[in-house]
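The values are calculated or read from the model by the stated rules, or taken from the named source; none is laboratory data. All values derive from a computational prediction rather than experimental measurement. We place every Cβ from the backbone using ideal geometry, glycine too, and count neighbours over all the protein chains shown. Only protein heavy atoms, including side chains, enter the accessible area calculation; ligands, DNA and RNA are left aside. Shrake-Rupley method; radii C 1.70, N 1.55, O 1.52, S 1.80 Å.
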Amino acid sequence: MRTVTIVGASLSGLYAARELRAQGFDGRLVIVGEEAHHPYDRPPLSKDFLTGRTDENRLALTDADETAGLEAEWLLGVPARRLDTAGRTVHLGDGRTVSTDGVVIATGAAARRLPGESLTGVHTLRTLDDARALRAHLARGPRRVVVIGGGFIGAETASSCARLGHAVTVVEAAPLPLVPQLGAEMAAVCAGLHRRGGVELATATGVVALRGTSRVTAVDLSDGRTLPADVVIVGIGAVPRTAWLEDSPLALHDGVLCDVGCVTALPQVVAVGDVARVGGIRAEHWTSATEQPRVAVTNLLAGRTLATARSVPYFWSDQYDSRIQFAGRYREGDTVHVTEGEITDTGMPDESGFLARYQRDGRTVALLGVDRPRAFTRARRELQREEQQAAEQQMPERRSEERRSQERRSEGARQEQPSWPDVPVSDVPRVVAPAEL
């Protein structure tokens, strides 16, 4: 490969660039980013950045020396509009195209939105620009804040708003926040953190409408209540950024469909991070975004799937001065037991926190720790070892199935559309040359 284009100047995009250089790729490297910013760390946006305890400089994931060392061409502030696999080009929003031999899709995900979000005072929190706007609004004095969605982003944002002295209500459609992620028993414990932080919960109800003419003034709920609001924060999940791929031959279904090696139906195209559905799973976690690029780049440079991404999912969340850590895969019906520390009679963690294990068929499949970092780290290592051993035992069968799947994808791609033709790169028009950037 002479040229590799990374579409998405994100955490996973940066890690892919690092991996390409680390694994010996010395060709032309182009990084396309819709935002005008170089890669930055998103988790602090809802926490320390929102509360003013950290500034933008500390969000940067790379410095000038590393940026120079990557020897990449950065095309920032311009979105990708189309992937032309037949012409081996990435079309950009400003009319330019980039000729390329390989593509890493790292476009991430965008915040889901509600009708009526054009009202002043309605915010999402996904990007640095989102966080800037929300922080400026919250700095104007005490506000009545309604957070729609009790997931991790919603909970972290509610915690930060409460810390800043605002009156906060979290609206959640489920009976408790985080039930899908943690199960009802542990979700009840996390709901207690909201109460301890002075935040109101409106659960088992949805949003009917946002009130206001030019500025939001209230939120109408499906249970008949109306919540006065000066600020509304919508935290109802995210959708993968795949619109620019809709007329490509890549399979799309809540993300870019990939095998367990992050490889799409075309071996010259891989996907990583929040946009990638790897082996049937799309995991919007920091660890996935940092671990998948190594595997994806290995396979991209090899032109076939050699390595697989089988790490145990892990994420953490800081809420109301407590650290919540979770690893593994929870399913409805799993049993959960507190094995270290305890939950008090009030339903809250005691001062030393607790560690809980989720079990299925007599085997630990997930872990939850609240303010118990050492115990959680130890248990997480054990879970990773067990998962690795189980994967190794199933490896021959999985390899056979992966080969069959690869053959089916390859045959389907040949029958449906002969894309990414095997022609010399010199035969493909290069519209964007290094001197033009």
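Only one of the listed residues (Ala296, Ala289, Ala238) is out of contact with any strand residue (DSSP E or B) (no Cβ under 7 Å at 6 or more places or on another chain) and not β-branched (Val, Ile, Thr). That residue is Ala289.
Of the residues making up segment 43-51, at least one is surrounded by fewer than 18 Cβ atoms within 10 Å (Cβ to Cβ) and farther than 22 Å from Gly303 by Cα. The set of residues in segment 297-319 that are open to solvent by less than 40 Å² (accessible area, probe 1.4 Å) and in a strand (DSSP E or B) comprises Tyr314, Phe315, Ser317, Gln319. Just so you know, in segment 67-87 the residues that are at pLDDT below 95 and in contact with a Phe, Trp or Tyr (Cβ under 9 Å, 6 or more places away or on another chain) include one that is nearest to Gly27 (Cα to Cα), and it is Thr67.
Pick from Met395, Met348: which is touching a helix residue (DSSP H, G or I) at 6+ places or on another chain (Cβ under 6 Å) and either surrounded by 14 or more Cβ atoms within 10 Å (Cβ to Cβ) or modelled with pLDDT under 85 (or both)?
Among Met395, Met348, only Met348 is touching a helix residue (DSSP H, G or I) at 6+ places or on another chain (Cβ under 6 Å) and either surrounded by 14 or more Cβ atoms within 10 Å (Cβ to Cβ) or modelled with pLDDT under 85 (or both).
For segment 262-283, filtering for residues that are assigned to a loop (DSSP other than H, G, I, E, B), at pLDDT 95 or above, closer than 20 Å to Ala109 by Cα and not hydroxyl-bearing (Ser, Thr, Tyr) leaves 2.
If you check Gly151, Gly224, Gly192, Gly165 for being at pLDDT below 95, open to solvent by 10 Å² or more (accessible area, probe 1.4 Å) and either closer than 20 Å to Pro349 by Cα or of a type outside the set (Phe, Trp, Tyr) (or both), only one passes: Gly151.
Among the residues of segment 7-39, those that are open to solvent by 30 Å² or more (accessible area, probe 1.4 Å) and of a type outside the set (Lys, Arg) comprise Tyr15, Glu19, Ala22, Gln23, Gly24, Asp26, Glu34, Glu35, Ala36, His37, His38. Only residues that are in contact (Cβ under 8 Å) with a residue 60 or more places away in the chain and out of contact with any helix residue (DSSP H, G or I) (no Cβ under 8 Å at 6 or more places or on another chain) were counted in segment 270-282, giving 1. Taking the listed residues Thr67, Thr54, the one that is outside any loop (DSSP other than H, G, I, E, B), open to solvent by 10 Å² or more (accessible area, probe 1.4 Å) and among the hydroxyl-bearing types (Ser, Thr, Tyr) is Thr67, with no other qualifying.
Do we have any residue at all in segment 116-128 that's in contact (Cβ under 8 Å) with a residue 24 or more places away in the chain, among the aliphatic types (A, V, I, L, M) and part of a loop (DSSP other than H, G, I, E, B)? Yes, there is a match, as at least one residue in segment 116-128 is in contact (Cβ under 8 Å) with a residue 24 or more places away in the chain, among the aliphatic types (A, V, I, L, M) and part of a loop (DSSP other than H, G, I, E, B).
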